[in-house]
Amino acid sequence: MKCAKFFLPIVLAWTIIFAPAQVSAEVTTVILVRHGQTTYNAQGRLQGFLDIPLSDNGLAQAKLLAKSLKDYPIDVFIASPLERAYVTTEFAAKAQGKSIAYTDERLREINYGDLAGLTVEERKARFPIEYDLWKNRPWLVKFPNGETLRDLEYRSRNALEDAVAKYPGKTIFIGTHSRVNMVLICSVLGIDLEHFWQIDSDNTSVNVLQYEDGVWTAVLINSVAHLGKLTM
């Protein structure tokens, strides 16, 4: 017993000093991509939950995106169920001989409610208060019969965290929407939504985020190099 009491502290000290350090958590990479252009994008109409398909230009953008990522190792593809995001993701997946693992309702674009489908001039005329807030103080907007940015942040962040938990150490392609991407980038980097408009998201833009040991890092934001330009 006396020997045990004598040697136990020595053993513990040896373990602390000489035992191999704990291996850090694996790095999980998320490739966050906006869908290609739609006719509503070109017309300046809000889409939100409306299921608007890609235009011919949007299809061409999606193909260029897929070509640019063809040889980049991606383990899993996830998409918003809305057609414009799903088809964009499907092009990228098929280029690697893969398919979409699943769609997640929480990755839908923000719900614009009664403003969905309206042009800029229509929004100004019919919803002047919401139009002004969305332009100048978007974090304060509650779209009639729709959502707030906080609502969007809550559901999309949960979708992101679930994907990372499901595929730790993997590279995950997530095809979604502009406001989703903007909110998620703000959220994971700890940027207040007052700075929402300072994050841009062009059609088929690529954002690369990495997660390790509870910390998110932005590697790339709003790249459209595959379209032959730095920005749209």
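What to note about this one:
- Set of the range 152-195 residues, backbone N closer than 12 Å to the point 7 Å along the Cα-Cβ line of residue 210: none
- Degrees between helix 56-69 axis and first principal axis of the chain (Cα, 0 to 90, nearest 10): 20 degrees
- Neighbour-count order for 112, 72, fewest beta carbons within 10 angstrom listed first: 72, 112
- Amide H contacts under 5 Å for residue 220: 208, restricted to partners 5 or more places along the chain or on a different chain, H placed in the peptide plane at 1.01 Å from N.
- Relative pair counts by distance (%), Cα atoms of the chain, 10 Å bins: 8, 30, 31, 14, 6, 5, 4, 2, 0
- Within the listed set 127, 77, 91, the residue fluctuating most in the Gaussian network model of the chain (springs between alpha-carbon atoms under 10 angstrom) is 127.
- Computed over the range 54-166, the P(r) curve from all C-alpha pair distances, binned at 10 Å from the origin, holds 13, 32, 31, 20, 4 percent per bin.
- Legend: translational diffusion of the range 40-97 by Stokes-Einstein, Rh = Kirkwood radius over C-alpha pairs, 10 °C, 1.306 mPa s; D = 131 µm²/s.
- Arranged from fewest to most other beta-carbon atoms within 10 Å of their beta carbon, 141, 224, 180 become 224, 141, 180.
- Bridge orientation summary for the range 79-232: considering DSSP beta bridges with both residues in this region, about 75 percent are antiparallel.
- Potential lengthening between residue 154 and residue 139 on full extension [0.36 nm per residue; Cα-Cα distance subtracted]: 4.1 nm
- Between residue 71 and residue 166, the modelled label-to-label distance comes to 3.1 nm, taking each label 7 Å out from Cα in the direction of the beta carbon.
- Of 42, 85, 93, the one that fluctuates the most in a GNM where the chain has Cα springs shorter than 10 Å: 42
- Helix-only mean residue ellipticity at 222 nm for the chain, each DSSP H run of n ≥ 4 adding -39500 (n - 2.57), per residue, nearest 500: -12500 deg cm²/dmol
- For residue 171, the amide hydrogen comes within under 5 Å of the amide hydrogens of 29, 75, 76, counting only partners 5 or more places away or on other chains and with H modelled in the peptide plane.
- Counted by neighbouring Cβ atoms within 10 Å, the residues 38, 103, 88 run from fewest to most as 103, 38, 88.
- Derived from the Cα gyration tensor, the three semi-axes of the equivalent ellipsoid of the range 131-201 are 25, 13, 10 Å, largest first.
- Comparing mean-square fluctuations of 28, 89, 176 from a GNM of the chain with C-alpha springs under 10 Å, the top value falls on 28.
Rule-based calculations on the coordinates, nothing more; no lab input. Because the structure is a prediction, the values reported are computed rather than measured. Here the Cβ is made from the backbone with ideal geometry for all residues, glycine too, and neighbour counts use every protein chain on show.
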